[in-house]
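Asks: Right, I'll just put the structure down here and ask away after.
The values are calculated or read from the model by the stated rules, or taken from the named source; none is laboratory data. Quick caveat, the model's predicted, so the values are computed rather than measured. Here the Cβ positions follow ideal geometry from the backbone for every residue, glycine too, while neighbour counts run over all protein chains shown.
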Amino acid sequence: MIYKQQDNRIIINPQLIKLIIFDKDGTIVKLDMWAKVIKNRAELIGDFFHFDTWQTNNISIIMGIDPITTKIADINRLTISRIKTEENVTKYLVEQGIESNLAQDAIHKIFAEVDNNMDFTKIVSPIGNIRELFSRIKDNGTEIAIATSDIETRGRKIMQALDVDDYVSAVAGVDSVINDKPAPDMILHICDRLNVSPKLTAIVGDSVYDLLMGHSAGVGLKIAVLTGKDGKQDLQSYADVVINSIQEIDIGNDA
């Protein structure tokens, strides 16, 4: 048996699952970390193009954050890929009369500047004790990887901020592969790199796209968590099991 449910948790069999791939945002870190990142991006873009306040506020809204409350305003906009976010902001700048190539170049540089200057240790909020969970998984001989629609370098930075980068064997971002989720590319890329069959792999995620990615890749186990984008009603149609959070995951030979 690949897993069993016991006392409000699932226990994964490490003999049948040799690799667990986690989504990042909404799965192992809280989505609200993006408020400060997005606010910083919008302010720098507004300053660069000498925008009025309303124009700068609209940039935050386009990226899914309310500029006044700094709360999540649109979870779908917030959770799209880094590449798509840049495209959406570029489109808005062009609508404001900015030449397309100038807009693209400025956005790319400003997004990178925010990444380089942001102290992720101060804004990243883990969902539970990530290091303890990852330690248990590794102690049972199962590898850990991250598949995120963020870019790979920032995925790695956030693993460092969580102090779990020593447990993570691979990180795949939207820029690591040709096709973003729900295509199977990230999982297949990681499995190939770590020499693990998808059938011996589990995917853990908070969105339908994570689970569809796992289905397309032919993974052995699809686990949905309720700490991010999609609700139970949407997730349960695509998951083998739905749990409240990754803190209900355990691993051991008694599965």
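Asks: Inspect the range 107-118 for any residue being exposed (fewer than 15 other Cβ atoms within 10 Å of the Cβ), on the phi > 0 side of the Ramachandran plot and more than 20 Å from the chain's Cα centre (by Cα) and give the result as yes or no.
Replies: The answer is no; no qualifying residue exists.
Asks: Kindly establish whether D175 is of a type outside the set (V, I, T), modelled with pLDDT under 95, under 30 Å from N57 (Cβ atoms) and part of a loop (DSSP other than H, G, I, E, B).
Replies: For D175, the condition - of a type outside the set (V, I, T), modelled with pLDDT under 95, under 30 Å from N57 (Cβ atoms) and part of a loop (DSSP other than H, G, I, E, B) - is met.
Asks: Being buried (at least 22 other Cβ atoms within 10 Å of the Cβ), within 16 Å of the chain's Cα centre (by Cα) and of a type in the set (G, A, S): is that true of A217 here?
Replies: No: the conditions fail for A217.
Asks: Kindly indicate whether G64 is in contact with an Asp or Glu (Cβ under 6 Å, 6 or more places away or on another chain) and without any contact (Cβ under 8 Å) to a residue 40 or more places away in the chain.
Replies: When the stated conditions are applied, G64 passes them.
Asks: Oh, and also: Which numbered condition in (1) buried (at least 22 other Cβ atoms within 10 Å of the Cβ); (2) among the β-branched types (V, I, T); (3) touching a strand residue (DSSP E or B) at 6+ places or on another chain (Cβ under 9 Å); (4) closer than 24 Å to L31 by Cβ is the only one that T201 fails?
Replies: (4) is the only condition that T201 fails.
Asks: Filter the range 36-50 for residues that are crowded, with 20+ Cβ neighbours inside 10 Å and either under 17 Å from K229 (Cβ atoms) or aromatic (F, W, Y) (or both) and give the result.
Replies: Selection gives I38 alone.
Asks: Pairs, please: C-beta under 9 Å, at least 6 apart or cross-chain, first residue under 15 Å from D23 (Cβ atoms) and modelled with pLDDT of 95 or more and in the range 230-243, second loosely packed, with under 13 Cβ neighbours inside 10 Å and of a type in the set (S, T, N, Q)?
Replies: If the second residue must be loosely packed, with under 13 Cβ neighbours inside 10 Å and of a type in the set (S, T, N, Q), the pairs left are I243/Q5; I243/N8.
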